[in-house]
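The values are calculated or read from the model by the stated rules, or taken from the named source; none is laboratory data. As the structure is a computational prediction, the values presented were derived from the model and not from experiment. Methodologically, a virtual Cβ is constructed for each residue, glycine included, from the backbone with ideal geometry; neighbour enumeration extends over all protein chains shown.
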Amino acid sequence: MFREFAKSAACAALLVVGAHSDALAQKQGGTLRMYLTTNPPSTSLHEETTIEVVQPFSAIYSNLVRFDPARKSNEAANVIPELATSWTLDEAGTKLTMKLREGVKWHDGQPFTAKDVQCTFHRLNGKEPKFYRRSPREAWFDNLAEVTVNGDHEATFVLKRPQTSLLSMLAAGYTGIYPCHVDAKTMRTAPIGTGPFKFVEFKSNQSIRLERNPDYWDKGKPYLDAIEWRIVTSRSTRILAFSTGEFDMTRTADITVPLLGDIQSKAPQAVCELQPTNVTTHMLVNRDAPPFDKPELRKAMALALDRQAFIDIISQGKNFLAVNMQAPPKGKWGVPVDELKTWFSYGDPEKQRAEATKIMESLGYGPNNRLKVKVSTRDFNNFRDPAVILVDQLNKIHFDATLDVIESSQWYNKLYKRDYAVALNLAGAGVDDPDGVLMMGFKSDSDSNFTKYSNPEVDKLLDQQARETDPVKRRKIVWQIEKILVEDVVRPIIFHGNNATCWHPHVKGHVQPENSIYNSWRFDQVWLDK
């Protein structure tokens, strides 16, 4: 593991040097015009779990390390320096020491120091309790015992046990470094970072504007003068606006497979890339709300799912059948489809629906006594469309289900409070690693364990896989966890997304990741050839 960290640091240093030599070819100036599909709930990366926050506001921040924006795969081998210039791991694998970049300033002019790194992670892992309203990724850093500082430009992460996933989670788009001297309320409304762009304004339900940071540590960057986002909730309006050149780039993964043809006919010059999103569409069931506290009822609901029908209708067959970890081959930890089809609720849809109907009838439901329920979902196209199909499939097994569409900025508050009976949700972690996905979603005390599922066996296996350094052995443990979660109907995964992002040819320097939509949004390498 030490060799892997050292190799990553050495390669990263060479990549950064190469990036500076290429900068001479870029053009300075211009405003990148983009859209969001709904109003962000806040500007704080650390307290939110939606791409509508990560994509527009990531450019304000810097991480200690980042995934190389010139490479499609967001993995540990492609991690490069950002606020950390180099890093070493001790032989025991429990102390990661990072040398920090000197001369970096926060957007308000205050100096960045190792103390800011310490504050950031004390707040993220709960050592400084109640700083945030919530901490969705606290489970990512549960293994972090302490962050120590040695002067202003060195910080050491002290781990309880070795953790091969740590570097990837430090590089994730959600893990921006926050300033010690700024309170959480300010970071939700007028954030301060060290990134390539400064926050200017956020007009709720209207627009966001960021402007170039002239004191950015990577001299000569960013190339853009500004980034402007407009919030456009109508899908047809934003697609037309992009096609006519009103926007330079779409919101990431906003373009579904059926919409690609529309884009290509209206804007044939546009560059569109269809990539796995590493985002699951899944059903949530409130396990404590009668009658959904009955395991038999939850089992019937899982058996009612015809996943291939969702995939065919939503994506013309292009989305992926998977469980929580991204499907292979681009997902490194996913269960192979042939194996998955032998698991509970992944078999023949007609036979499963018949079994589900029998279970419902054994519980007293039938044509004249249908189970009424509201299926909650977010006011967001990628949520609403599959939610309509879910309602239809549940209604085939003696449900009387109707859709309950929740205003987008209120959606996650509803989930955290478990203010739902049944819900259709989407979720992604930003890293293709079990610690990032399974720890966050299913560890008993995780804030993002939306159903509050608690299973000591799963907690034990989560810890076991995190300790395992052999990837083959670790994968087997991960699959064991996945199978338990499927059989316990914890968060039935319906499919993994496969959507497109489009941009006009004058947008240069952007590389669309193939295994996460949550990273690579600094925009420091993007320029306009106009």
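Some observations on this one:
- Residue check for A76: over 17 Å from F141 (Cβ atoms) and in contact (Cβ under 8 Å) with a residue 40 or more places away in the chain: no
- Segment 53-77: number of residues that are modelled with pLDDT under 95 and either assigned by TED's automatic domain parsing to the domain that holds R378 or not in a loop (DSSP other than H, G, I, E, B) (or both): 2
- Of all residues assigned to segment 479-495, at least one qualifies as being among the aliphatic types (A, V, I, L, M), outside any strand (DSSP E or B) and free of Cβ contacts under 8 Å to residues at least 40 places away in the same chain.
- Checked against the criterion of being among the basic types (K, R) and either surrounded by fewer than 21 Cβ atoms within 10 Å (Cβ to Cβ) or within 30 Å of E246 (Cβ to Cβ) (or both), the candidates R491, R467 yield just one match: R467.
- Scanning segment 269-281 for residues that are buried (at least 22 other Cβ atoms within 10 Å of the Cβ) and at negative phi gives P276, T277, V279, T280, T281.
- Among the conditions (1) surrounded by 15 or more Cβ atoms within 10 Å (Cβ to Cβ); (2) modelled with pLDDT of 95 or more; (3) part of a helix (DSSP H, G or I), the only one that N499 does not satisfy is (3).
- Segment 407-445, subset of a type in the set (G, A, S) and in a strand (DSSP E or B), residue farthest from the chain's Cα centre (by Cα): A423
- When D288, D312, D293 are checked against the criterion of being among the charged types (D, E, K, R), within 16 Å of I493 (Cα to Cα) and surrounded by fewer than 19 Cβ atoms within 10 Å (Cβ to Cβ), a single residue qualifies: D312.
- E82 being touching a Lys or Arg at 6+ places or on another chain (Cβ under 6 Å) and either among the charged types (D, E, K, R) or buried (at least 17 other Cβ atoms within 10 Å of the Cβ) (or both): yes
- Residues being modelled with pLDDT under 95 and surrounded by 22 or more Cβ atoms within 10 Å (Cβ to Cβ) - total across segment 519-530: 2
- Wholly within segment 331-406, helices (runs of 4 or more DSSP H) carrying at least 2 residues that are under 23 Å from N499 (Cα atoms): 337-340, 381-395
- Scanning segment 130-165 for residues that are buried (at least 24 other Cβ atoms within 10 Å of the Cβ), under 26 Å from D470 (Cα atoms) and either of a type in the set (V, I, T) or modelled with pLDDT of 95 or more (or both) gives a single hit, F157.
- Of residues in segment 275-297 being farther than 30 Å from D433 by Cβ and among the aliphatic types (A, V, I, L, M), the one nearest to the chain's Cα centre (by Cα): A289
- Subset of segment 390-413 (residues that are under 24 Å from T277 (Cα atoms) and surrounded by fewer than 18 Cβ atoms within 10 Å (Cβ to Cβ)): V405, E407, Q410, N413
- Restricting attention to segment 154-181, the residues that are of a type outside the set (S, T, N, Q), more than 22 Å from the chain's Cα centre (by Cα) and more than 22 Å from D218 (Cβ to Cβ) total 8.
- Restricting attention to segment 502-518 and to residues that are part of a loop (DSSP other than H, G, I, E, B) and of a type in the set (A, V, I, L, M, F, W, C), the residue that is surrounded by the fewest Cβ atoms within 10 Å (Cβ to Cβ) turns out to be V511.
- E273 being outside any helix (DSSP H, G or I), at pLDDT 95 or above and out of contact with any Leu (no Cβ under 8 Å at 6 or more places or on another chain): yes
- Filter result for the condition that a residue is surrounded by fewer than 17 Cβ atoms within 10 Å (Cβ to Cβ) and modelled with pLDDT of 95 or more, over G364, G334: G364
- Among the residues of segment 319-352, those identified as farther than 22 Å from A300 by Cβ, free of Cβ contacts under 8 Å to residues at least 60 places away in the same chain and of a type outside the set (D, E, K, R) are P328, P329, G334, P336, V337.
- Any hit, segment 201-221, residues being surrounded by 17 or more Cβ atoms within 10 Å (Cβ to Cβ), farther than 28 Å from D248 by Cβ and aromatic (F, W, Y): no
- Applying a threshold of 6 Å to beta carbon distances and a minimum spacing of six or more residues, or different chains, the list of pairs starting in segment 143-164 at a residue that is within 17 Å of C180 (Cα to Cα) and ending at one that is of a type in the set (D, E) and modelled with pLDDT of 95 or more reads H153/E102.
- Of residues in segment 249-270 being part of a loop (DSSP other than H, G, I, E, B) and over 23 Å from the mean Cα position of the chain (by Cα), the one nearest to N449 (Cα to Cα): A270
- Positions within segment 291-316 being in contact with a helix residue (DSSP H, G or I) (Cβ under 9 Å, 6 or more places away or on another chain), part of a loop (DSSP other than H, G, I, E, B) and without any contact (Cβ under 8 Å) to a residue 60 or more places away in the chain, in sequence order: Q316
- One residue alone among I311, I255 is outside the structural domain of K417 (by TED's automatic domain parsing) and among the aliphatic types (A, V, I, L, M), and that residue is I255.
- Some residue of segment 256-268 being crowded, with 21+ Cβ neighbours inside 10 Å and within 30 Å of I389 (Cβ to Cβ): yes
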